[in-house]
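Shown next, in structure tokens, is the structure this report addresses.
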């Protein structure tokens, strides 16, 4: 660590920033030093470390001092590290935090990851040795002469300073945000505890709770994003919200369904509805929970789940079993078809085409030929030609 | 009569607690509003902050993405961010399915999603993608995440992939392809077991067979092709993707 010099952290003319990483700790060889938490910057000329809390504390070492670097993988409770082996400090080195060191290497600990990219870039810079071909104001005047340095490189310094201020702002904002977030979470935790306590009461009473109370409770859970502890249903399914949503969906999906032969996969519905909304989108769970209520609300659509787990919305008037009869005809005409071929022919998505053919097979109308060339369906001659 | 009295008391207790919860909920809503007014930007702009936020929620037993109607979604806008991402993920997977059988690396998915979002969109991290995908699972389309060699493969079709298939995918990840001999050597399987797994992958379109390879046939994973060379989504594919 005695190779480092104090610096303002501002880049010199001709010096370019390559990459930077937060959350880096420096070690003098095997020993910890007070440089515990900082931003590590790699430029074309130097390796710079600046304390995250105290931005005045900033040190740097020229890349020319680096002999070679090694990676040290992360372990349990240990961050990944880069070990940087250095030449001895030159006699005319600018003053730094350490006068001497018994180690000829330092370690960079990446507490917030980023070591892979940093290592790659550092290797590149060491190989390319751009500092040799791009001259900068070599005398990195610190302290008293820093003003002179600034006058020399006005434009860049101005930009750097703005970035610096922005970084400070950002850092301050982030730590404030985290603090506020922690406090918020404490309150949220209280809500979770309360909901568990209420759920226990409900269990004890074994159904003596009114429907009105149930509805209220479920909607509270929905607002907080807490799983229903009583029934373990997903997040307040069957609330007023989902009922309203179900009715809305019935309205929105009528025409699209008719345009698509009366059937759509749930992912298609999800995309369609959310693209149309633009804002205040539905979560996947909102959609599923609403669709589960379609049938009970006697709406003209229904949710259907195939054996494969694929979920679709069908018009009530849609009869998949009838479509199977039509599919059989199509397959017979062509002799045999794969799901892809059938989909293209009929103008359906491959996913739903496959489900229809599988259903036809289940009903005994089609036979499969399963080979490496794909899954092909044939009319079931065992049935028809008895 | 005492029975009835007990019942009544029971009802009153729950009512009390529900009333209390309602009040606390209102207070919480106000706290969240305050938080949002100060830090909403942080959530939208900072992927690391989002990770912290999600982790904290998970620790206390809260799912901020469960519903678009939840407070978190309404006030922090977390929901819209992830639900929209879900749509983009579905579209990319649909567009590329015929090429890779419904398997795609997280890297390629990330790249394609970023491209689709355009220059001025918010930054999206791989962690964000993973969280959005976990939510998509409930739609029954077969969305899944398979860890391979330090990264992930994202499955977007309802194909059954068991442990055997997964482990072969992981083996293939290193070079982009795998052979029966390699499986026998690394995993110590019988030839028949290896062949069954590879055939299943072929049938699902997740693997392609190169019979002209020197030595023995090679089974390639198109999902990993972009590690070798990247391809754009063609306009035809893009049309396929929009329902």
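The values are calculated or read from the model by the stated rules, or taken from the named source; none is laboratory data. What you are looking at is a predicted structure, and each value in this text was computed from that prediction instead of being measured. Reconstructed Cβ throughout: ideal geometry from the backbone, glycine too, with neighbour counts over all protein chains shown.
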**Residue check for residue B:42: out of contact with any strand residue (DSSP E or B) (no Cβ under 9 Å at 6 or more places or on another chain), part of a helix (DSSP H, G or I) and modelled with pLDDT of 90 or more** = no
**residue A:364 vs. criteria more than 14 Å from chain B (Cβ to nearest Cβ), more than 29 Å from residue B:144 (Cα to Cα) and not in a helix (DSSP H, G or I)** = yes
**Prompt:** Identify, please: which residue in the stretch A:263-278 is more than 7 Å from every other protein chain (Cβ to nearest Cβ) and not in a strand (DSSP E or B) and is, among those, surrounded by the most Cβ atoms within 10 Å (Cβ to Cβ)?
**Reply:** A:269
**Request:** Restrict the check to the stretch B:111-118 and report whether at least one residue is touching a strand residue (DSSP E or B) at 6+ places or on another chain (Cβ under 7 Å), assigned by the TED database to the domain that holds residue B:225 and at pLDDT 90 or above.
**Result:** no
**Residues that are in contact with a helix residue (DSSP H, G or I) (Cβ under 9 Å, 6 or more places away or on another chain) and within 7 Å of chain B (Cβ to nearest Cβ), drawn from the stretch A:297-315** = A:308, A:310, A:311
**Item:** Those residues of the stretch B:144-163 which are within 10 Å of another protein chain (Cβ to nearest Cβ) and surrounded by 14 or more Cβ atoms within 10 Å (Cβ to Cβ), in sequence order
**Value:** B:156, B:157, B:158, B:159
**Request:** Identify, by number, the condition in (1) assigned to a strand (DSSP E or B); (2) surrounded by fewer than 16 Cβ atoms within 10 Å (Cβ to Cβ) that residue A:40 doesn't meet.
**Result:** (2)
**Message:** I need the full set of residues from the stretch A:279-302 which are in a loop (DSSP other than H, G, I, E, B) and within 17 Å of residue A:251 (Cβ to Cβ), in order please.
**Reply:** A:280, A:282, A:293, A:294, A:295, A:297, A:298, A:299, A:300
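For every residue, the table says whether it meets (1) buried (at least 16 other Cβ atoms within 10 Å of the Cβ); (2) closer than 26 Å to residue B:51 by Cα; (3) in contact with a strand residue (DSSP E or B) (Cβ under 7 Å, 6 or more places away or on another chain).
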site	(1), (2), (3)
A:51	yes, yes, yes
A:64	no, no, no
A:73	no, yes, yes
A:87	no, no, yes
**Hits in the stretch A:368-379 (condition: modelled with pLDDT of 85 or more and either buried (at least 18 other Cβ atoms within 10 Å of the Cβ) or closer than 17 Å to residue A:345 by Cβ (or both))** = A:375, A:376, A:377, A:378, A:379
**Fill in**
The correct count of residues that are assigned to a helix (DSSP H, G or I) and within 14 Å of chain A (Cβ to nearest Cβ) in the stretch B:118-143 is 11
**Asked** Can residue A:168 be described as more than 7 Å from chain B (Cβ to nearest Cβ), more than 27 Å from residue B:58 (Cβ to Cβ) and within 30 Å of the chain's Cα centre (by Cα)?
**Response** yes
**Asked** Is there a residue being in contact with a helix residue (DSSP H, G or I) (Cβ under 6 Å, 6 or more places away or on another chain) and away from chain B (no Cβ under 13 Å) anywhere in the stretch A:279-296?
**Response** yes
**Request:** Please enumerate the residues belonging to the stretch B:60-88 that are within 20 Å of the chain's Cα centre (by Cα), more than 7 Å from chain A (Cβ to nearest Cβ) and under 18 Å from residue A:187 (Cα atoms).
**Result:** B:73
**Item:** Looking only at the stretch B:171-205, and only at residues there that are outside any helix (DSSP H, G or I), in contact (Cβ under 8 Å) with a residue 40 or more places away in the chain and more than 14 Å from chain A (Cβ to nearest Cβ), the one that is farthest from residue B:225 (Cα to Cα)
**Value:** B:179
**Asked** Among A:351, A:359, which is the only one that is outside any loop (DSSP other than H, G, I, E, B) and buried (at least 19 other Cβ atoms within 10 Å of the Cβ)?
**Response** A:351
**Given (1) within 14 Å of another protein chain (Cβ to nearest Cβ); (2) modelled with pLDDT of 90 or more; (3) over 23 Å from the mean Cα position of the chain (by Cα), number of the condition residue B:236 does not satisfy** = (2)
**Complete:** Restricting the stretch A:371-386 to residues that are touching a strand residue (DSSP E or B) at 6+ places or on another chain (Cβ under 8 Å) and more than 14 Å from chain B (Cβ to nearest Cβ), the one farthest from residue A:334 (Cα to Cα) turns out to be A:382
**Item:** Filter result for residue A:340 (in contact with a helix residue (DSSP H, G or I) (Cβ under 8 Å, 6 or more places away or on another chain), over 15 Å from residue A:263 (Cβ atoms) and exposed (fewer than 14 other Cβ atoms within 10 Å of the Cβ))
**Value:** no
**Prompt:** What residue, of A:240, A:206, A:248, is at pLDDT 90 or above and over 29 Å from the mean Cα position of the chain (by Cα)?
**Reply:** A:248
**Asked** From the residues in the stretch B:43-59 that are free of Cβ contacts under 8 Å to residues at least 12 places away in the same chain and in contact with a helix residue (DSSP H, G or I) (Cβ under 6 Å, 6 or more places away or on another chain), which one is farthest from the other protein chains (Cβ to nearest Cβ)?
**Response** B:49
